[in-house]
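Taking it in order: structure first as structure tokens, then the write-up.
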């Protein structure tokens, strides 16, 4: 009898162990099952965010500009606040100090822009003449079909060269909208700076006490990126505009500072902006001069300025603030231009730089931060040595969690 009871108990224990093992296997299987619902939610959220960013750009873009602008002005406001008790007065002083060099630069650019746009039909004709000269030279030396090249020139360049006239008309018709956007940026910036302590505290209380030190560091890093990038970018534009303008004036090109600052503003677009900025004065010089040394001098000038900017000015002034690799930068610029146009080209790099910093502070997203960073090539082995763990796999986000079983 005892033997039978013992055998029965053994069977019961064995069955319970089998059941427990089966449950554990089932949990483990369910835990590794791809969760299509979570993936669908993420995909819908991304599409919805892009849609909102696109249709709401007239509201969102000024707010984003204002946030970055307020980050740039915060150190200046803090400086004035040491000597002026009123935060409102300190912010106004910061605005005044910042706007003086910006207004001076815009005034110099606008003074020549007025003459350029007033004579734009003649200038466009001269540029077309210069392009015709280039194609004639190509036809003579490389056997290009003259009829085909002239047809391509007519179709492709006419609209491009007449575009500035249309742009001026657009500026006139939308001047009120542009003015309202600028006023909104300054208004938002003022209130962001005025309420910055309250906004920071609101963000901090969203984290547990043990996480607030990390959250504070994150806010400081984001602020640092915005400060370095925007203030440095503004200074680089001024320096490049002066260098380009002085160089073109010495060479003897009309509207030297217009072309110079146009190239400086286009230099905001990495990799291709400087080429675009140098192409117009180069073609314009071919049409307005009978010598070869001026077009060649322009090529040398822009090549030299580009080398100085890339190896000396930008690293010293802007530094590696955003720290993103060229592939990420190009993709970000294309996406930014597609969603927000010219504003997207300006905002793309600092926003991706801020995204990279946020990813660095989230464990699961640290591999993504490295994938975006400028150290992607140097630290290519880090993915295998440091991030080859279950916690760093993005696919884990789309798998079932044991707590949900």
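Would you check which residues across the stretch 333-342 are surrounded by fewer than 19 Cβ atoms within 10 Å (Cβ to Cβ) and assigned to a helix (DSSP H, G or I) and list them?
334, 335, 337, 338, 339, 342
Suppose we filter 228, 294 for residues that are buried (at least 17 other Cβ atoms within 10 Å of the Cβ) and closer than 25 Å to residue 334 by Cα; which single one remains?
It is 228.
Residues of the stretch 297-327 being surrounded by 15 or more Cβ atoms within 10 Å (Cβ to Cβ), modelled with pLDDT under 75 and part of a helix (DSSP H, G or I), which ones?
Passing the criteria: 313, 314, 317.
Can you pull out the residues in the stretch 185-210 that are within 16 Å of residue 86 (Cα to Cα) and surrounded by 15 or more Cβ atoms within 10 Å (Cβ to Cβ)?
Residues satisfying the conditions are 190, 192, 193, 194, 196.
Within the stretch 236-246, is there a residue that is assigned to a helix (DSSP H, G or I) and within 17 Å of the chain's Cα centre (by Cα)?
There is at least one residue in the stretch 236-246 that is assigned to a helix (DSSP H, G or I) and within 17 Å of the chain's Cα centre (by Cα).
Quick test for you: out of 346, 330, pick the one residue that is at pLDDT 80 or above, in a helix (DSSP H, G or I) and under 23 Å from residue 380 (Cβ atoms).
330
Across the stretch 368-395, what is the number of residues that are modelled with pLDDT of 85 or more, farther than 20 Å from residue 217 by Cβ and assigned to a helix (DSSP H, G or I)?
Counting residues in the stretch 368-395 that are modelled with pLDDT of 85 or more, farther than 20 Å from residue 217 by Cβ and assigned to a helix (DSSP H, G or I) gives 5.
Based on this model, can you work out whether residue 190 counts as assigned to a loop (DSSP other than H, G, I, E, B) and either more than 20 Å from residue 360 (Cα to Cα) or at pLDDT below 95 (or both)?
Considered against the rule, which asks whether it is assigned to a loop (DSSP other than H, G, I, E, B) and either more than 20 Å from residue 360 (Cα to Cα) or at pLDDT below 95 (or both), residue 190 comes out as no.
Looking only at the stretch 13-63, which residues are modelled with pLDDT of 60 or more, touching a strand residue (DSSP E or B) at 6+ places or on another chain (Cβ under 9 Å) and assigned to a helix (DSSP H, G or I)?
38, the sole residue that qualifies.
For the stretch 251-272, check the following and say yes or no: at least one residue is touching a strand residue (DSSP E or B) at 6+ places or on another chain (Cβ under 6 Å), assigned to a loop (DSSP other than H, G, I, E, B) and at pLDDT below 85.
Scanning the stretch 251-272 turns up no residue that is touching a strand residue (DSSP E or B) at 6+ places or on another chain (Cβ under 6 Å), assigned to a loop (DSSP other than H, G, I, E, B) and at pLDDT below 85.
Considering only residues of the stretch 53-65 that are farther than 10 Å from residue 181 by Cβ and touching a helix residue (DSSP H, G or I) at 6+ places or on another chain (Cβ under 8 Å), which is surrounded by the most Cβ atoms within 10 Å (Cβ to Cβ)?
64
The values are calculated or read from the model by the stated rules, or taken from the named source; none is laboratory data. What you see is a predicted model; the values in this text were computed from it and never measured. We place every Cβ from the backbone using ideal geometry, glycine too, and count neighbours over all the protein chains shown.
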